[in-house]
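What follows is a short report on a single structure.
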Amino acid sequence: MRLLRRRAPVWGLLFVLCQLGPAAQAVEPISLGLALAGAAASALTGFISYPRLYCYFTECCLQRPGARAGSVLEQELDRKLFGQHLVKKVVVKAVTGFLNNANPKKPLTLSLHGWTGTGKNFVSKIIAESIYEGGLNSRYVHHFVSTLHFPHRQNITQYKDQLQMWVRGNVSACARSIFVFDEMDKMHAGLIDSIKPFLDYYEQLDGVSYRKAIFIFLSNAGAEKITEVALDFWRSGKRREELGLQDLEPSVSVSVFNNKNSGFWHSSLIDRNLIDYFIPFLPLEYKHVKMCVRVELESRGYEVDEEIVTQVADEMTYFPKEERIYSDKGCKTVYTKLDFYL
């Protein structure tokens, strides 16, 4: 009904002209053309400004509704992430619940911890893609790498100002902005505290609400503690799937907080409990490496050759030295090693 009402001026004008008959000839062609064009433009503007239709032509802030984004997220993690039962469970529940909450009290803040190659960057990419089709390339997703964007310790004051301006400006443009901070273990201590006000329980700051934004931190810090707990479980004969978040999260947060080489060292974000979840990525085992090889073969259009799968997995190095349980690079070098056989 709304679209029909917007078209009324065009049809109304044509109806009047038809009723005028010969008198319509008195209307100058240019004036008539402008009148029809103006009415058509008005109707077209109303058509395109209808939110759902507009989003077919350009990317919109929060492109997918919460329930749909949660479904996509769960499917992609089930299909592509291996050996990380805790990650799947926590990320799906946290992200879906947050997106479905019309009035969150604070931004969603996730901190992902574990060794290189265990899936931290991969999961942040999947989270972004589940909300915005452009993923990390979306105009609403902002990716910071500590060694690239904040390389010099002497410029930390400048970085703090720039970071605050960047967050403020982008959340003003889209409340559902996503910010990913990679290499937190290499960030200068104290820098990340500059965004503490944006992560807190404020309704607004200078007229801007940050409550619907999402902040994701990636770090190798805490990986030693995660491995220690996982190894104890293995040596006691327990399955890794028996590990619960309560077995790891408290010790990981303390380890990161007290790590002088971490960007979270004595951070107010941890001290004030502003990070919602510390999510541990367990070290990957031999069987998980083989899963990665199979998926990579399929993604390249090849049939899965188990001989190649085994050869690639066997080329990886594992630790501890005696037991050789965990891949020291996770699945990170699987893709390049596979090139040798293809």
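On the accessible surface of region 154-312, probed at 1.4 Å, how many percent belong to carbon and sulfur atoms?
That share works out to 46 percent.
Within 11 Å, Cβ to Cβ, of L274, how many net charges do the neighbouring residues add up to if Lys/Arg are +1 and Asp/Glu are -1?
Result for the local shell: -1.
As an exercise, use a Förster radius of 41 Å and the Cβ-Cβ distance of K89 and S209 to find the FRET efficiency, rounded to the nearest 0.05.
0.90
Just to be sure I understand the model, the point goes 7 Å from the Cα along the line to the Cβ. What's the resulting Q311 to Y201 distance in nm?
5.9
About the Cα centre, and with charges only on the beta carbon of Lys, Arg (+1) and Asp, Glu (-1), how big is the dipole of region 64-118? Nearest 20 debye, please.
Approximately 140 debye in magnitude.
Could you pull out the GluC sites (Glu not before Pro) across region 71-150 that fall in loop regions by DSSP (anything but H, G, I, E, B) with no more than 16 other Cβ atoms inside 10 Å? Don't skip to the end; give the middle numbers.
Numbers: sites: E74, E76, E129, E133; in loops: E133.
Answer by residue number: E133.
Give me the dipole magnitude in Debye, nearest 20, for region 155-208 about the Cα centre, with unit charges on the beta carbon: positive for Lys and Arg, negative for Asp and Glu.
Taking the Cα centre of region 155-208 as origin, the dipole is about 100 debye.
Could you tell me the center-to-center distance, by alpha carbons, between region 297-342 and region 228-273 in angstrom?
Their Cα centres are 27 Å away from one another.
Label-point separation (nm) for F319 and V72, each offset 7 Å from Cα along Cα-to-Cβ?
Distance between the two pseudo-spin positions: 3.7 nm.
Among T157, T227, F215, which residue has its Cα positioned farthest towards the positive end of the charge dipole of region 151-247, with +1 placed on the Cβ of Lys and Arg, -1 on the Cβ of Asp and Glu, and the dipole taken about the Cα centre?
Farthest towards the positive pole: F215.
Equivalent ellipsoid semi-axes for region 117-225, as square roots of 5 times the alpha carbon gyration tensor eigenvalues: give them largest first, rounded to whole Å. Provide the component values of the computation, followed by the final result.
On the way: eigenvalues 91, 77, 32 Å².
After diagonalising the Cα gyration tensor, the semi-axes are 21, 20, 13 Å.
According to the Cα gyration tensor, what semi-axes, each the square root of 5 times an eigenvalue, does the equivalent ellipsoid of region 92-167 have, listed from largest to smallest in whole Å?
Ellipsoid semi-axes (Å, largest first): 25, 18, 13.
Which trypsin sites (Lys or Arg not before Pro) does region 292-342 hold that lie in a coil by DSSP with at most 15 other beta carbons within 10 Å?
Taking region 292-342 and a limit of 15 other Cβ atoms within 10 Å, the loop trypsin sites (Lys or Arg not before Pro) found are R300, K321, R324.
Calculated FRET efficiency, L136 and S299, Cβ-Cβ r, R0 22 Å, to nearest 0.05?
Efficiency, from the Cβ-Cβ distance: 0.80.
Throw me the Rg/Rh for region 187-342, computed over C-alpha atoms with Kirkwood Rh, two decimals.
We get a ratio of 1.08 for region 187-342.
What ranking of Y318, Y202 comes out by heavy-atom accessible area, probe 1.4 Å, highest first?
Order by accessible area, largest first: Y202, Y318.
M291 accessible area, nearest 10 Å², 1.4 Å probe?
The accessible area of M291 comes to roughly 70 Å².
Can you list the residues, at least 5 places off or on another chain, whose amide H is less than 5 Å from the amide H of L112, using H built in the peptide plane?
HN-HN under 5 Å from L112: F217, L218, S219, I279.
For a quick size check, give me the Cα extents of region 185-233 along its three principal axes, largest first, whole Å.
Principal axes ranked by extent give 49, 25, 12 Å for the Cα atoms.
Using 0.36 nm per residue of separation minus the Cα-Cα distance, give me the extension gain between F340 and D232 in nm, one decimal. Before the final figure, lay out the partial values.
Numbers: separation 108, 0.36 × 108 = 38.88 nm, distance 3.59 nm.
Roughly 35.3 nm would be gained on extension.
Report the extension gain between E59 and K260 in nm, rounded to one decimal, defined as 0.36 nm multiplied by the number of residues separating them, less their alpha carbon distance.
Net length gain for the segment: 68.3 nm.
Quick one: length gained pulling Q164 to N101 fully straight, 0.36 nm per residue minus the C-alpha distance?
Difference between extended and current length: 20.1 nm.
Using a probe radius of 1.4 Å on heavy atoms only, what accessible surface per residue do you get for region 170-209? Whole Å² is fine.
On the way: 1520 Å² over 40 residues.
Accessible surface, normalised per residue, equals 38 Å².
Over 19 Å between Cα atoms: which of K290/K329; K120/K332; K88/K321; K89/K290; K93/K212; K238/K332 fall into that group?
K88/K321; K89/K290; K238/K332
Calculate the dipole size of region 218-310 relative to its Cα centre from +1 charges on Lys and Arg beta carbons and -1 charges on Asp and Glu beta carbons; express the result in debye to the nearest 20.
Computed charge dipole of region 218-310: roughly 320 debye.
Going Cα to Cα from K106, which aspartates and glutamates come in below 15 Å? Please leave out same-chain ones fewer than 8 positions away.
D200, E203, D276
With a 1.4 Å probe and all protein chains kept in place, how much accessible area does F150 have, in Å² rounded to the nearest 10?
Roughly 20 Å² of F150 is accessible to a 1.4 Å probe.
Check each of the trypsin sites (Lys or Arg not before Pro) in region 217-280 and keep only those in coil by DSSP with at most 16 other C-beta atoms within 10 angstrom; list them in order.
In loop regions of region 217-280 (DSSP not H, G, I, E or B), the sparsely surrounded trypsin sites (Lys or Arg not before Pro) are K238, R239, K260, R272.
From the phi angles alone, apply the Karplus equation (6.51, -1.76, 1.60; θ = phi - 60°) to region 296-311 and give each ³J(HN,Hα) in whole Hz, x where the residue is Gly or Pro.
Karplus values, whole Hz, x for Gly and Pro: 5, 4, 5, 5, 8, x, 9, 6, 6, 9, 5, 5, 5, 4, 5, 4.
The values are calculated or read from the model by the stated rules, or taken from the named source; none is laboratory data. On a predicted model such as this, the values are computed, not experimentally measured, just so you know. FYI the Cβ positions are ideal-geometry reconstructions off the backbone, even for glycines, and counts take in every protein chain you see. Just the protein is used for accessible areas: all its heavy atoms, side chains included, with ligands, DNA and RNA removed. Shrake-Rupley method; radii C 1.70, N 1.55, O 1.52, S 1.80 Å.
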